[in-house]
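Working notes, beginning with the structure itself.
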Amino acid sequence: MDETPEFSSHALDALRQPLEAGHVVIARSAGVVRFPARFLMVLAANPCPCGRFSQTDETCECSPSAIRRYQARLSGPLLDRVDLRVEVDRVTRSQLAGDGPRGDCTATVADRVRAARERSAARLAGTPWRSNSEVPGRELRSRWRAAPGALEEAERSLERGVLTARGLDRVLRVAWTVADLVGHDRPDARDVALALQLRTGVPRGVPMALGALA
């Protein structure tokens with residue numbers, strides 16, 4: 001969904017239930033129908049209506065109240081269901097010219113993703129779930145635990161109100177995906193820190209080199 005804040009807030013908030021449950025329930029007088037609705041949602045948004053707002057750019061023409069209203073169109077409950085939040089910097093002249101460093105090619109990333117999916121599939125064999133995103137939080141906290149001490153920073157974020165309980169579960173799921181991508185048997189503190197960084201957007205001293213996460 002490009003230019004997400006331009007969509008109706010009612011339409012955006014209607015996505016909360018299928019994102020959480022993986023299905024849509026439609027109730028009518030003749031009966032109730034349930035449809036599968038498990039999907040990958042990608043939202044893109046500018047920082048303000050004109051798209052130029054930043055701490056260093058003085059060309060933005062939007063008032064502070066207009067910026068607040070624009071950003072408030074993405075409600076907290078909807079954003080709580082978004083696993084990864086990545087701020088994209090403005091493209092530089094050298095990047096447009098192709099002079100900067102290049103990332104991994106598509107084939108390399110595809111191989112990394114394939115290997116990660118094979119690891120998660122082997123771990124989840126014999127369960128109702130096929131991927132990390134489907135595993136309930138209670139199972140991640142009891143049946144598949146992270147390494148000892150790995151969740152300390154995430155739990156402190158929960159206590160400070162930076163994370164909700166739902167957010168902590170989603171950090172755990174992303175941490176398992178990070179661990180699968182790098183070949184760890186279970187998430188360690190570094191894997192959880194990267195998942196937390198991707199969740200909150202706050203740098204935590206871990207590299208953002210896992211292009212396969214996208």
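FYI, it's all coordinate maths here, none of it is from the lab. From a predicted model like this one, the values you see are computed outputs, not experimental measurements. Virtual Cβ from ideal backbone geometry, glycine too; neighbours counted across all protein chains shown.
What area, in nm² and to one decimal, does the C-alpha convex hull of the stretch 132-207 cast on average over all directions? Mind showing how you got there, number by number?
Working: hull surface 18.5 nm².
Value for the stretch 132-207: 4.6 nm².
For the pair residue 52 and residue 121, how long in nm is the line joining their label points, each one 7 Å along Cα→Cβ?
5.0
Just the isolated ones, please: cysteines in the chain lacking another cysteine beta carbon under 4.7 angstrom.
Here 50, 60, 105 come out as lacking a disulfide-compatible partner, given the Cβ-Cβ threshold of under 4.7 Å.
When 173, 38 are ordered from fewest to most other Cβ atoms inside 10 Å of their Cβ, what list results? Could you put the intermediate results ahead of the total?
Numbers: 173 20, 38 12.
Least crowded to most crowded, the residues run 38, 173.
What percent do you get for the relative contact order of the chain when only Cα pairs under 8 Å and 6+ apart count? Display every interim value, and only then the final one.
Details: 224 pairs, mean separation 38.0, N = 214.
Rounded, it is 18 percent for the chain.
Per 5 Å bin, what is the whole-percent P(r) computed from every C-alpha pair distance within the chain?
1, 6, 11, 15, 17, 16, 14, 10, 6, 3, 1, 0, 0
At a 10 angstrom cut-off on C-beta neighbours, averaged per residue, how do the peptides 59-69, 87-97 rank from highest to lowest?
Most protected by this proxy first, the peptides run 59-69, 87-97.
Got a sec? Charge dipole of the chain, +1 on Cβ for Lys and Arg, -1 for Asp and Glu; which of 203, 7, 62 is way out at the positive end?
Projecting each Cα onto the dipole axis, the largest value belongs to 7.
Give or take rounding to whole Å, what are the principal axis extents of the alpha carbon atoms in the stretch 4-82, in descending order?
So the three principal-axis extents are 56, 24, 16 Å.
In whole angstrom, note down how far apart the Cα centers of the stretch 141-172 and the stretch 20-58 are.
About 24 Å separates the Cα centre of the stretch 141-172 from the one of the stretch 20-58.
Could you give the nm distance between label points at residue 44 and residue 96, where each point is 7 Å from its Cα heading toward the beta carbon?
Modelled inter-label distance: 1.7 nm.
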